[in-house]
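Shown next, in structure tokens, is the structure this report addresses.
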Amino acid sequence: MPASERRMDGGVTAAESATRGGDPSARLRRDGLHRKLVWLTFFRIVTVTVLLGGTATVTWAADPGLRRAAAPLYALVGLTYLASLGFALLLRTGRGDGFVAVGQILTDAGVAAAVVALTGRADSVFVFMFSIAIVNASILLFRRGALLGLALSAAGYLVVALEPATAPRAGILVAHLGAFAATAALAGYLAEQLRRTGARLEEREGDLAAITALHEAVVHSVSSGIVTLDIGGRITFLNRAAEEITGLRLRDVAGLPVASILPPFAAADGREQPRASIGPAREETRFTNARGDVLRVGFTAFPLAGGGGERLGSAVIFQDLTRLREMEDAVRRNERLADVGRLAAGLAHEIRNPLASMSGCVELLRSGDALRPDERRLMDIVLREASRLEALVERFLAYSRPPEPRRVPTDLAAVLREVCEVFARDPGAANVRVERALAHAPAACDPDQLRQVAWNLLLNAAQALGAAGRSGVVRVASGLAGERAWFSVEDDGPGVAPGDREKLFTPFFTTKPNGTGLGLATVHRIVEAHGGRIAVESEPGRGARFVVEVPLAPPPAAQAR
């Protein structure tokens with residue numbers, strides 16, 4: 001239970017005490033008095049029912065004369081019930097508890113005096129009811145109540161007992177008054193001790209509530225997820241970060257086995273037992289949360305032990321490392337790309353110049369008239385392959401040293417519309433039908449480089465469909481998302497294998513028989529140069545969707561400034 005809801009002495013929560021205003025201690029004392037008044041009203045009804053009701057029942061079963069003599073007793077029972085009903089109605093209003101307390105003390109003393117007067121005065125067996133009245137008064141108002149109850153009880157007893165016709169012996173009178181005084185002294189002392197104990201308990205509960213609130217605030221504020229398990233491996237607690245990462249709510253999974261709800265945190269050997277049983281160990285795993293997001297989660301499990309060393313359960317602390325690992329992969333990829341770029345700059349001169357020389361020499365030899373047909377055919381092959389090698393070097397250089405983008409306000413929809421119209425006439429798109437859902441998306445980008453990105457993605461989609469040996473549909477869309485413009489290219493081809501997704505944008509990685517592995521790598525390099533990002537969404541057998549996001553173009557007013 002949250003600390004703000006823990007009940008303190010007096011039946012009120014700390015939160016209620018803080019929000020009602022006034023002194024919290026005084027508020028708690030008033031609420032404690034109200035609760036005691038309710039219980040004493042109930043106790044009075046029970047006491048009257050048992051004592052006076054039982055006596056009235058016995059007299060009713062006797063002869064009619066005795067019943068007539070007991071008529072005042074019946075009236076007293078009825079009046080007591082009416083007084084209790086009146087007190088109950090006043091208590092429901094929640095006001096005037098102090099006056100109700102004094103009224104109940106007066107009523108208890110009056111009822112005791114009336115009962116004693118009706119049942120033998122000084123010789124009545126119900127003289128002890130004065131002591132009950134004193135105890136009740138001390139419960140309500142502590143020492144002051146005990147003194148008030150003593151004064152009223154002594155006065156009532158003297159009025160009843162000193163009736164001239166039945167004046168008691170001095171010894172009996174002193175004994176009863178001494179008993180009243182002893183009862184008041186003892187009850188007052190115990191009531192005061194109870195009040196002090198209650199105050200100390202209230203203070204301790206306040207401290208405990210504050211500590212508990214601080215603990216809960218810390219646990220719920222940390223960015224790491226925390227899961228606690230009982231000794232049987234059932235979930236007992238999730239903090240807010242754990243609910244956010246897993247997509248679960250504590251109220252839905254409390255008491256369920258962790259192996260069925262959060263399998264990564266189950267025992268390594270597959271038993272229904274938390275990993276914490278094998279000791280703390282930092283591990284990392286893939287985890288699909290309740291929202292369907294695939295996350296990379298790092299976690300540490302450890303046992304929870306009591307003060308005596310007994311095993312209480314287990315706890316798991318975990319973090320969502322997905323973005324961190326993506327950043328690390330991007331850094332590693334950029335480091336590789338930087339190495340490739342430096343290598344490419346050196347190889348460019350070493351390859352292109354000799355290649356140009358060889359191509360020129362072969363052209364001169366091919367122009368001679370003394371060549372046989374088979375020799376001419378071999379030279380054609382050499383020239384074709386040299387041209388192919390030159391194109392590969394050009395693409396490699398374009399990837400390793402792309403020109404700085406010329407950022408101008410560009411409507412992605414207009415660029416994509418042009419690219420789609422040209423692509424529809426390309427022989428490589430013969431088996432492809434292009435569908436467009438283009439919305440105005442003003443971006444700050446280089447239109448020529450974005451055309452290259454869109455063309456490569458369309459060509460990649462068409463080649464994926466061609467590799468599957470069937471025709472299909474390529475869907476192109478654009479729009480706005482927050483502070484970015486975006487466009488997507490989606491196909492219904494074979495999709496991307498899970499093991500290939502992380503390598504798609506790596507240079508020279510390709511799944512095509514004649515691919516160079518530079519198309520998607522160049523796309524990624526251009527998008528990064530624009531300060532954007534590219535992501536792929538794919539499932540095997542259900543196609544692939546590439547989404548490109550680039551910064552929005554500034555509004556016209558900002559451009560004018």
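Quick notes
- Compactness of the range 445-552 is given as radius of gyration and Dmax, 13.4, 40 Å, from Cα positions.
- Distances between placed amide hydrogens fall under 5 Å for residue 288 paired with 295, all partners being 5 or more residues away or on another chain.
- For the range 354-370, putting each phi into the Karplus relation 6.51 cos²θ - 1.76 cosθ + 1.60 with θ = phi - 60° gives couplings of x, 5, 5, 5, 5, 4, x, 5, 5, 4, 5, 4, 5, 6, x, 8, 8 Hz, in residue order, rounded to whole numbers and with x for Gly and Pro.
- Taking each residue as 0.36 nm, the span from residue 378 to residue 437 lengthens on full extension beyond its C-alpha to C-alpha distance by 16.3 nm.
- Karplus-derived HN-Hα couplings along the range 319-326 (A = 6.51, B = -1.76, C = 1.60, θ = phi - 60°), whole Hz, x at Gly and Pro: 10, 7, 9, 4, 5, 4, 5, 4
- Loop GluC sites (Glu not before Pro), the range 155-243 (other Cβ atoms within 10 Å of the site Cβ: 13 or fewer; DSSP): none
- Convex hull projection area averaged over all views, the range 409-497, Cα basis, nm²: 5.9 nm²
- Between residue 390 and residue 217, the contour length at 0.36 nm per residue exceeds the Cα-Cα span by 55.8 nm.
- Note, ³J(HN,Hα) from phi for the range 32-43, Karplus 6.51, -1.76, 1.60, rounded to Hz, x at Gly and Pro: x, 4, 4, 5, 5, 4, 4, 5, 5, 4, 5, 4
- By average C-beta atoms within 10 angstrom, highest first, the peptides 491-504, 141-154, 247-260: 141-154, 491-504, 247-260
- Mean Cβ neighbour count within 10 Å, used as a protection proxy, ranking 222-233, 415-426, 450-461, 374-385 highest first: 450-461, 222-233, 415-426, 374-385
Any read-out appearing in this document is the output of simple, stated calculations on the displayed coordinates, not a laboratory observation. Given the structure is predicted, the values throughout are model-derived calculations rather than measurements. Because the Cβ atoms are built from the backbone with ideal geometry, glycine has one as well, and the counts that use them run over all protein chains shown.
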